[in-house]
Amino acid sequence: MDHFLYRNGQLHAEDVPLHDIAEQVGTPFYVYSTATLTRHFTLFQEALAGMDHLICFAMKSNSNQAVLRILADLGAGMDVVSGGEYRRARAAGVPGNRIVFSGVGKTRDEMHLALTGGIRQFNVESEPELLALSEVASGLGVTAPITLRVNPDVDAKTHEKIATGRKEDKFGVPITRARDIYAQAAKLPGIEVIGIDVHIGSQLTDLAPFEAAYLKIADLTRQLRADGHRITRLDLGGGLGIPYTRGNEAPPLPLDYGAMIQRTLGDLEVEIEIEPGRLISGNAGILVAQVIYLKQGEGRDFLILDAAMNDLIRPAMYGAHHDIIPVIEPVPGAEQYPFDIVGPVCESGDTFARQRHMPPVGAGDLIAFRSAGAYGAVMSSEYNTRPLIPEVLVKGDHFAVIRPRPTFDEIINRDTLPPWM
Ligand code: LLP
């Protein structure tokens, strides 16, 4: 459920008509709903209520500081994957002891930053990383709490580009070698082993791969404890999928996910961490764009929008589907027409949808891409020197710009010419 609904004939974000926002900030823009973010976070809280747990929002899905602040105020921690995200989380007011640091390529500078600024744990993904962390931590005279991210060799049955838990994927250490690496970690200065981490992929629409992975983690926990390690925390990653097509898809609910965690890991007496991103932010945001032209092609009509692949790359990158709806509510039973919905960027890949059936829309009309709150704004670029589009936050009948559209001067003046020019 989200809070983007038609009311009085037009699409609203909570109690704000989208036309009001468009008038003030111009198009295209992203808009997020505080009530939806809150609801989705709360669903996870309820799902894990019986267990000692921390929900670390995967801020790669949406890292606007206003979004982070809403979640942090509800008690969220953050899953960060770069020094930049770490800084952003801290700037949004997230305490270091609620930040977990994931990622296959943490640099020594990033380790230094987190160790001096405060960190809950590093999710270490390789032996060389372990050695580097040991060196940085002991150099600073501190101890780095770690989990080791294990690769359980489970097929998440999701899009090829976002599956991460098969042995051919670059993530984690092979589960078959985990015990050896834990033994090595236990001997290293500056390292304190506290748990295990696993993340098998994103946009999973079935609990079975999660369960297969978590059962392996349960076994590994018992083995490692028998080997003498103190395993007190399991980080189970993110990845629970969301419905991208209204009415057609029903991915598992957080409550079912929580019950499965309880069933597979509940007897281990560990603290549970999860790192959901998309399920919290995905359907809490939409992208609003304007139709620039309705162009008649050979046997097809093109809706040319003022938003493009640089603003929302998911369709071009993953062939992802986003529901696209007019902001003015179509009359019930209105006839639908097939459109190719495209942006102005000079690439054929700048296509959001082909032969998508829409009620009649034309130049000047506003349309909305649903499910754009995760991996939308964060993956945008200034390709074609198109300014990053604004982000807006709605709460009830209020809205505020939470990242303004940059001016062309700001963009262009970032380049510097070398002294010889
Ligand atoms: N934890 C780790 C270690 C991750 O790598 C990810 C996502 C998450 C948590 C959060 O997963 P989520 O709950 O959001 O599924 N750009 C792609 C998605 C990439 C996901 C990368 N890792 C997309 O637009 O579909």
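Bear in mind these aren't lab numbers, they're just calculated from the coordinates by the rules spelled out. Quantities reported herein were computed from a predicted structural model and do not represent experimental measurements. All Cβ positions, even for glycine, are placed from backbone atoms using ideal geometry, and neighbour counts span all protein chains on display.
Worth a mention:
- Relative contact order of the chain, defined on C-alpha pairs under 8 angstrom at six or more residues apart (%): 20
- For the chain, the mean residue ellipticity at 222 nm estimated from helices alone is -8500 deg cm²/dmol, where every DSSP H run of n ≥ 4 contributes -39500 (n - 2.57) and the total is divided by all residues, rounded to the nearest 500.
- Evaluated on the chain, the Kirkwood hydrodynamic radius is 22.8 Å, with distances taken between all distinct Cα atoms.
- This ranking places Phe41, Phe57, Phe171 by how few other beta-carbon atoms lie within 10 Å of each, fewest first, which gives Phe171, Phe41, Phe57.
- Residues whose amide H comes within less than 5 Å of that of Ala58, counting only those at least five positions distant or on another chain, are Asp79, Gly277 (H built at 1.01 Å from N in the peptide plane).
- When only Cα pairs below 8 angstrom with a gap of at least 6 residues are kept, the stretch 34-280 shows a relative contact order of 21 percent.
- Loop chymotrypsin sites (Phe, Trp or Tyr not before Pro), the stretch 316-421, which have at most 13 other Cβ atoms in a 10 Å radius of their Cβ (DSSP): Trp420
- Projected-area average for the stretch 58-98 over all orientations - Cα convex hull basis, square nanometres: 2.3
- Cβ-based net charge around Ile324, under 13 Å, with every Lys or Arg adding one and every Asp or Glu removing one: +2
- Counting every other Cβ atom within 10 Å of each residue's Cβ, Asp20, Asp340, Asp219 order from fewest to most as Asp219, Asp20, Asp340.
- Among residues other than Asp409 with Cβ under 14 Å from its Cβ, the summed charge is -1 (Lys and Arg +1, Asp and Glu -1).
- Where trypsin sites (Lys or Arg not before Pro) fall in DSSP loop in the stretch 114-177, at most 16 other Cβ within 10 Å: Lys157, Arg166, Lys167, Lys170
- For Val25, net neighbour charge (Lys/Arg +1, Asp/Glu -1) across residues whose Cβ lies under 12 Å away: -1
- Among the GluC sites (Glu not before Pro) in the stretch 268-341, those placed in a DSSP loop whose Cβ has at most 13 other Cβ atoms within 10 Å are Glu269, Glu298, Glu335.
- Normalised radius of gyration (Cα atoms, divided by 2.2 N^0.38 Å) for the stretch 34-280: 0.95.
- Ordering of 98-106, 224-232 by burial proxy (mean other Cβ atoms within 10 Å per residue, highest first): 98-106, 224-232
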